[in-house]
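Some notes on the structure that comes next.
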Amino acid sequence: MKNRINKIHFTSDTHFGHRNIMKYANRAFNDVDHMDESLIASWNSVVDVDDEVYHLGDVALTDEKRTNKILNRLNGKIHLITGNHEKSVLRKEYNRDRFEWIRGIHELYVDDEDVKGKGQMFVLCHYSMRVWNKSHHGSIHLYGHSHDSLDSKGQEWGKSMDVGVDAANRLLNDYRPFSYREIVNIMKKRDLHEIDHHVAKR
């Protein structure tokens, strides 16, 4: 159980090969090659070959050949939650076999003896939600898309957070995936944000 916990990671919005993202997200790299190489090195510094990585969308904005080469250099078993820039995933040239599965949204349960009941539940989606399944019972919602433009501006929303590489750079000082334990420790400091009728049924 503990062994698996140490092998789970979350990330989003790597935007490999996307030159303009350096400007849009204020990424301090010399050029797109420097960005890609840095992101690959940061990923592999924390992810082993048999670890699980949940990528919450927008893997790359470049051609399929370049994307495939990058995917083949990344450690881990990658599960993809599709973002708004995943059109190339549907093209036959894209190496879909590099992913364990590809989905639009996913609920993940992790056995954790520190969490009462059935363990820790995660709701994974590329986009931020205000309410999600079992949010009133402490489930954690992870998302991307926003490039750290919500939490960094004081718009934190209950037990949810952006796990994109731009948020990681602010919180971890590196453009790398978050570990399971890092996410849980951050969420321990946040209160539930109960806004709908479910709070009355507890």
Restricting attention to the range 42-66, and to residues there that are surrounded by 19 or more Cβ atoms within 10 Å (Cβ to Cβ) and out of contact with any Gly (no Cβ under 7 Å at 6 or more places or on another chain), which single residue is farthest from S146 (Cα to Cα)?
V46
Among the residues of the range 139-187, how many are in a loop (DSSP other than H, G, I, E, B) and either in contact (Cβ under 8 Å) with a residue 40 or more places away in the chain or more than 19 Å from W43 (Cα to Cα) (or both)?
20
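Could you list all residues from the range 60-82 that are assigned to a helix (DSSP H, G or I) and in contact with a helix residue (DSSP H, G or I) (Cβ under 8 Å, 6 or more places away or on another chain)? First the steps, then the outcome.
Pass one, the range 60-82, residues assigned to a helix (DSSP H, G or I): 64-71.
Scanning the range 60-82 gives E64, T67, N68, I70, L71.
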Tabulated pairs, the range 58-71, first under 18 Å from T11 (Cβ atoms) and touching a residue at least 12 places away in the same chain (Cβ under 8 Å), second part of a loop (DSSP other than H, G, I, E, B) and of a type in the set (D, E, K, R), C-beta under 8 angstrom, 6+ apart or interchain:
D58/D13; D58/E86; V59/E86
Can you find, within the range 121-138, the residue that is farthest from the chain's Cα centre (by Cα) among those that are crowded, with 21+ Cβ neighbours inside 10 Å and either in a loop (DSSP other than H, G, I, E, B) or of a type in the set (S, T, N, Q) (or both)?
S135
Does the range 33-53 include one or more residues that are part of a strand (DSSP E or B) and farther than 30 Å from G119 by Cβ?
no
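Condition check ((1) basic (K, R); (2) under 17 Å from V163 (Cα atoms)) across all residues:
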{"position": "K7", "(1), (2)": "yes, yes"}
{"position": "N30", "(1), (2)": "no, no"}
{"position": "D33", "(1), (2)": "no, no"}
{"position": "L39", "(1), (2)": "no, yes"}
{"position": "R66", "(1), (2)": "yes, no"}
{"position": "L80", "(1), (2)": "no, yes"}
{"position": "N84", "(1), (2)": "no, yes"}
{"position": "W101", "(1), (2)": "no, no"}
{"position": "V110", "(1), (2)": "no, no"}
Which condition does I81 not pass, out of (1) surrounded by fewer than 20 Cβ atoms within 10 Å (Cβ to Cβ); (2) under 13 Å from the mean Cα position of the chain (by Cα); (3) within 20 Å of E182 (Cβ to Cβ), if it passes all the others?
(1)
Among E100, E107, E93, the single one that is of a type in the set (D, E), farther than 20 Å from W43 by Cβ and modelled with pLDDT of 90 or more is E107
Since G154 meets every condition but one in (1) modelled with pLDDT of 95 or more; (2) on the phi > 0 side of the Ramachandran plot, which condition does it not meet?
(1)
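The values are calculated or read from the model by the stated rules, or taken from the named source; none is laboratory data. This structure is a prediction, so every number in the text was calculated from the model and none was measured. We place every Cβ from the backbone using ideal geometry, glycine too, and count neighbours over all the protein chains shown.
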